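Heads up: the structure comes next, in structure tokens.
FYI, it's all coordinate maths here, none of it is from the lab. Owing to the predicted nature of the structure, the values given are computational and were not obtained by experimental measurement.
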Amino acid sequence: MANEKNNKNNKYKRKKTKQNKKNNCNNKSKKKCDEGIGLSSFSYADYILLSSVIAYSIAEELNEDDLAMFTIFLELILTDLGLIVAKRGIEAKNNAEEGVILEDSTIEESEIIDEDILF
């Protein structure tokens, strides 16, 4: 009986430890995501030059069929990234609207409380 109880406790502790590690990893990646890698510091000319050099280098290494498939693959990546950016924007907008709604309701509740105190 005691052995079964210890096994259950150990399983629970391992599960909690896994959840904590997962939460820590998510927090770290969120911080890293918020900090960025500095892509915003490049100028427009830097991006043009970089993309031209990379495109030329890739085109030199691939044959026509591979280049066509690689181009389609990059288009798929761009589409998915566009969806992710749009989703983040919508979530940020919704979170901002929820914050405004919460602030408004808090103000209204405090006004009701003040009126109750006065009367």
Phi-derived 3J(HN,Hα) across region 84-90 with the Karplus relation (6.51, -1.76, 1.60, θ = phi - 60°), rounded Hz, x for Gly and Pro, is 5, 4, 5, 5, 4, x, 5
In region 58-102, what is the volume of the convex hull around the alpha carbon atoms, normalised per residue and reported in Å³?
44 Å³
